[in-house]
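The values are calculated or read from the model by the stated rules, or taken from the named source; none is laboratory data. Since we're looking at a predicted model, the values are computed, not measured. Virtual Cβ from ideal backbone geometry, glycine too; neighbours counted across all protein chains shown.
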Amino acid sequence: MHTSTELRNLLNRIDHKGYPAYKDTKGMYQFPGYALSIDHVQGDPFASPSKVSVHIKGSVAGFPKELFCGKQQRVALQDYLTRQFGRAVERFAFKAKGSGKSGLISVSRCGQEVLERTACQMDAAGGDIVLRMEIGFPANGRTINARELEKILFDFLPECVEQSLFYKNADQKRVRRVVDLAEDQEYIRQQLKEKGLVAFVANGAVLPRESGVSARPMRGAVPFISPKEMEVTLNLPHNGALKGMGIRKGITLIVGGGYHGKSTLLKALELGVYNHIAGDGREYVITDSTAMKIRAEDGRSIKKTDISMFINDLPNGKETRGFYTADASGSTSQAANVVEAMEAGAGALLIDEDTSATNFMIRDELMQRVIHRDMEPITPFIDRIRELYERYDISTVIVAGSSGAYFHIADTIVQMDRYEPKEITVSAKKEAENFPALSGLEEPADAPVFERYPGQAKGFRGQDRIKMKTLGKEAVQINRENIDLRYVEQLTDSEQVSALGYCVRYAEQHLFSGRTTVRDVVKRLMEKIEKDGLAGLCESRSSVANMAMPREQEIFACLNRYRSMEL
């Protein structure tokens, strides 16, 4: 390791030289209280910024062991440190001048969800901290401006590190509250299982968002208050008694008029698989961590998925126990999404009528009379929903605004009335008695077969390098293929998409053999991440990408949309 004085001398030597001379700065330098590592140097001032990391010994950072002893506490603390450092560097971004990206100082921008990220990692044993950032090394044209970089590394950065990454300088009560909240949230997740719940929505929660492009809570929104019939009380370790609506396992129907809050509630449940920061309004909206949002997805690729539970006897004779298509219809895509959710271990399905294929969800009585069941290859979801729960222990929460067909089979019916939930199960079922129930199936479906064995794609055989590019939250590009993730709606951060790209790349290089099932591939990916962290998916520890942890379910979803996967 070099000293900070050696770095300063090096900068003096290369000042005014051509930009490639910045490459000489790569290495680790000891500063007071921390080590600065210049991991990757950009090729020119207009290229992606240089990657720099700060390394602090746990004994120096000084955070008490109880703040990071468990995974949930550690993730919450890492998230807090990332946010604090991000606020600190905002004051100095682009204060160092130059061309291109000169003077940029940035760290991962965290949203409302608390996610494990490569941006900040804390060692579980000793509390050592690694914080990764990007810095635009300054230049005039393509000539090094080392004086401006010296400002960043010797003036701006030490102040940011000192303010945000040492416990002695932190708002210690606030840090404690952050960790306490994470422990309370984890306690609620455990209580869901013990109390037979799919989700919990606390009284006072603020579900509406500021706008369609902002995830912040809406000011003046109607706070959520549980119907008395569904209210449960949880005694949290830190926040004490907390009341809210418990959605029980089984079949739950959410109904109501347009713009009364049905989809807003469902959206909160979708993202309740993640913890949220204090002040979000949804910090005590907690959903079964395996729950998956299901929708129609016209045009998606389906590879060897057993959709025979829902679709059989196609007129063209196409096999549905190992269904292939490069351009799925609404009904076949939604059928595949359900079965793939089963393969991914989902304990609950979240469905909105507005984004579903009507012919997949129901067939009304008149249609059944005109088009006999023998002429219809689709077994609608309404005929399988009870079977999914009773045979596979998969609950369903459905938002419906136009069809009352599910009234007959729902266990719980909630009406949203001006954002106020009302439990109307008894009255709705009484009204439903005046309408005949749709005739259901008598025979259960054969259990889906999940024997899919991915082999290495032809284009990658013998290749050492796989190119990858993240396209926001929309897609990840692997070589020339875009994996379309627009409708994997529980992805909440582009850094999760980046992590999915690295998962696919790692699987192509190390796991796709034609002898291992998709389930086992995902299992091994999770084991790799558990052992080495997300950084373990990168080719080099010195060039770790900005990544955030996706769920196991989203890894399945990404692989299932990867058209180049050989099956």
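Observations on the model:
- Of the residues making up the stretch 547-558, not a single one is over 17 Å from the mean Cα position of the chain (by Cα), modelled with pLDDT of 95 or more and not in a helix (DSSP H, G or I).
- When the residues of the stretch 321-345 are filtered to those that are charged (D, E, K, R) and surrounded by fewer than 18 Cβ atoms within 10 Å (Cβ to Cβ), the one that is nearest to the chain's Cα centre (by Cα) is ASP327.
- Qualifying residue in the stretch 126-147 (condition: within 17 Å of LEU36 (Cβ to Cβ) and of a type in the set (Ser, Thr, Tyr)): no
- Pair list, Cβ < 8 Å and 6+ apart or interchain, from the stretch 532-551 residues that are closer than 16 Å to VAL107 by Cβ to residues that are surrounded by fewer than 14 Cβ atoms within 10 Å (Cβ to Cβ): ALA535/ARG541
- When GLY514 is tested against (1) within 29 Å of SER37 (Cβ to Cβ); (2) among the small types (Gly, Ala, Ser); (3) surrounded by fewer than 20 Cβ atoms within 10 Å (Cβ to Cβ), exactly one condition is not met: (1).
- Among the residues of the stretch 350-361, the ones that are touching a residue at least 40 places away in the same chain (Cβ under 8 Å) and either among the β-branched types (Val, Ile, Thr) or buried (at least 24 other Cβ atoms within 10 Å of the Cβ) (or both) come to 4 in all.
- Taken together, VAL522, VAL488 contain a single residue that is at pLDDT 95 or above and part of a helix (DSSP H, G or I), which is VAL522.
- Hits in the stretch 466-485 (condition: in contact with a Cys (Cβ under 7 Å, 6 or more places away or on another chain) and either at pLDDT below 95 or of a type in the set (D, E, K, R) (or both)): none
- When ARG505 is tested against (1) under 23 Å from VAL273 (Cβ atoms); (2) buried (at least 21 other Cβ atoms within 10 Å of the Cβ), exactly one condition is not met: (1).
- Enumeration of residues in the stretch 67-96 that are closer than 26 Å to LEU149 by Cβ, aromatic (Phe, Trp, Tyr) and at pLDDT 95 or above: PHE85
Residue-wise test of (1) modelled with pLDDT of 90 or more; (2) closer than 30 Å to GLY317 by Cα; (3) in contact with a strand residue (DSSP E or B) (Cβ under 8 Å, 6 or more places away or on another chain).
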residue: ASP374; (1), (2), (3): no, yes, no
residue: PRO380; (1), (2), (3): yes, yes, no
residue: GLU387; (1), (2), (3): yes, yes, no
residue: TYR392; (1), (2), (3): yes, yes, no
residue: THR396; (1), (2), (3): yes, no, yes
residue: ALA405; (1), (2), (3): no, no, no
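- The residues of the stretch 450-465 include none that are small (Gly, Ala, Ser), over 11 Å from PHE512 (Cα atoms) and either modelled with pLDDT of 85 or more or within 28 Å of the chain's Cα centre (by Cα) (or both).
- Inspection of the stretch 123-138 finds a residue satisfying the criterion of being touching a Leu at 6+ places or on another chain (Cβ under 7 Å), of a type in the set (A, V, I, L, M) and under 20 Å from ARG174 (Cβ atoms).
Table: residues versus (1) touching a residue at least 60 places away in the same chain (Cβ under 8 Å); (2) more than 17 Å from ALA146 (Cα to Cα); (3) among the small types (Gly, Ala, Ser).
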| position | (1), (2), (3) |
| --- | --- |
| LEU11 | yes, no, no |
| ASP24 | no, no, no |
| HIS40 | yes, no, no |
| PRO45 | yes, no, no |
| SER50 | yes, no, yes |
| SER59 | yes, yes, yes |
| PHE63 | yes, yes, no |
| LYS101 | no, no, no |
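- Single condition PHE92 does not satisfy, out of (1) free of Cβ contacts under 8 Å to residues at least 12 places away in the same chain; (2) under 31 Å from the mean Cα position of the chain (by Cα): (1)
- For the stretch 388-410, the tally of residues that are assigned to a helix (DSSP H, G or I) and either without any contact (Cβ under 8 Å) to a residue 24 or more places away in the chain or not charged (D, E, K, R) (or both) stands at 7.
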